1. Considering each residue of segment 29-52, count those that are farther than 19 Å from Ala197 by Cα and either among the polar types (S, T, N, Q) or surrounded by fewer than 18 Cβ atoms within 10 Å (Cβ to Cβ) (or both), and give that number.
2. How about segment 1-24: which of its residues are more than 11 Å from the ligand (Cβ to nearest atom), surrounded by fewer than 17 Cβ atoms within 10 Å (Cβ to Cβ) and not in a strand (DSSP E or B)?
3. Between a residue in segment 36-47 that is closer than 17 Å to Leu156 by Cα and touching a residue at least 24 places away in the same chain (Cβ under 8 Å) and any residue that is among the charged types (D, E, K, R) and near the ligand (Cβ under 6 Å from one of its atoms), which pairs come within a Cβ distance under 6 Å, given they are 6 or more apart or on different chains?
4. Given the residues Glu133, Glu159, which is the only one that is within 16 Å of the ligand (Cβ to nearest atom) and surrounded by fewer than 24 Cβ atoms within 10 Å (Cβ to Cβ)?
5. Six or more apart or on different chains, Cβ atoms under 7 Å: show the pairs whose first residue is in segment 309-326 and surrounded by 15 or more Cβ atoms within 10 Å (Cβ to Cβ) and whose second is outside any strand (DSSP E or B) and of a type outside the set (Gly, Ala, Ser).
6. Just name the residue that is farthest from the ligand (Cβ to nearest atom) out of those in segment 185-226 that are closer than 23 Å to Cys10 by Cβ and among the charged types (D, E, K, R).
7. Which members of segment 146-156 meet the condition of being farther than 10 Å from Arg113 by Cα and more than 16 Å from the ligand (Cβ to nearest atom)?
8. Restrict the check to segment 37-46 and report whether at least one residue is within 16 Å of the ligand (Cβ to nearest atom) and touching a Lys or Arg at 6+ places or on another chain (Cβ under 7 Å).
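The values are calculated or read from the model by the stated rules, or taken from the named source; none is laboratory data. What you see is a predicted model; the values in this text were computed from it and never measured. Using ideal geometry, Cβ is built from the backbone for each residue, glycine included, and neighbour counts are taken over all protein chains shown.
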Amino acid sequence: MAEIELRNVCKRWGTFVGVHSVDLKIADREFLVLLGPSGCGKTTTMRMIAGLEDVSEGEIRIGDRLVNDLDPKDRDVAMVFQSYGLYPNMTVYENIRFPLKVRKAVPSTHDERVKRAAEMVELSDFMHRKPSELSGGQRQRVALARAIVRKPSVFLMDEPLSNLDAKLRVSTRAQIKNLSHELQATTIYVTHDQIEAMTLADRVVVMNRGKIQQVGSPTEIYDRPSNTFVAGFIGSPAMNLVEGEIRGGVFEAKNVRIEGLSMPDGPVIVGFRAEDAAVASSAGEISAPVYTMELLGDSTMIAVRAGGGMVSVKAAKDYRAEIGDPVSLSVPAAICHIFDKTTGARIE
Ligand code: ATP
């Protein structure tokens, strides 16, 4: 069993707080993704779990052991980082075998275990090559094989796909998901890429400025973001956020009028997703000139100015308009998310 628990975990350097009292329970065999912008504390959180960084306050448990004072090598975790960390003078075979040698695994089992790990990441034909003779994607797979060869109960991965091109990222992503399932390991995966997070995770932890903003399944985070930070970070494009005022159940901002919101009067932020709104055939909730239009292949994205900013709406793929043409958009109350204007917290 490799359940992981963080209780009130903090990381401080002098007066700077990198991670604020994080509480988190990761279930055995769960695939958990730590997601957030650069500097939000996700790598530090993972390094504390790995034992590469001391905890300033709080407790970390792996299985039923308190690991705060355990060395990384005694935590039964395997790590994969964005820089592959391969030994340039060793072959692929020797690189993959390295952790077995270090940990003094029974030598007679090495060959079979190395071959099995190589097979899992489709590297069997490259065993005798040196890292310099491999592509970026192949090197990343050697790093993965080296992590899986020990069959650890916990995998920690820090942006393992960031050095790969877009196409390889997609195929290696699928491979990581499959491997973690096959190995039945608990995986914590750090990324700033929300698509990676949404496609890989059982649950996503969204972080910002050292604090957890929301923990939930990809669907929960997408459908019910708990604040404007999460709403603006998840989705592509991110959720439209419009500042305005509710009076008598009607939300108003520049070029916007949405009726039927049963909310107390006052300033709020209304959010809605581009794909939930539509171009209206008659007068809609937003009326403004077209600011830009982008053809996306399966749809057309239209942007207009509304409230103090810009909103995007997905239209049919054959929708056409010129910049400056008046357009009316359907944004009914039912698709709107309402956030507190001061705190950004979700109200409805
Ligand atoms: P990135 O995606 O850029 O790697 P991250 O979310 O992983 O970002 P962390 O590396 O965890 O962010 O850093 C969190 C914060 O802690 C940052 O503001 C960073 O500057 C700070 N930090 C990290 N290491 C140290 C250190 N050794 N001393 C002081 N501050 C640090």
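1. Adding up the residues that qualify gives 1.
2. The answer is Met1, and nothing else.
3. Going by the 6 Å Cβ cut-off, the qualifying pairs are Gly36/Lys42.
4. Numbers: Glu133 fails: within 16 Å of the ligand (Cβ to nearest atom).
After ruling out the rest, the residue left standing is Glu159.
5. Listed by first residue and then by second, the contacts come to Ser312/Pro237; Lys314/Glu275.
6. Ranking the qualifying residues of segment 185-226, first place goes to Arg203.
7. Arg146, Ala147, Pro152, Ser153, Val154, Phe155
8. Yes, segment 37-46 has at least one match.
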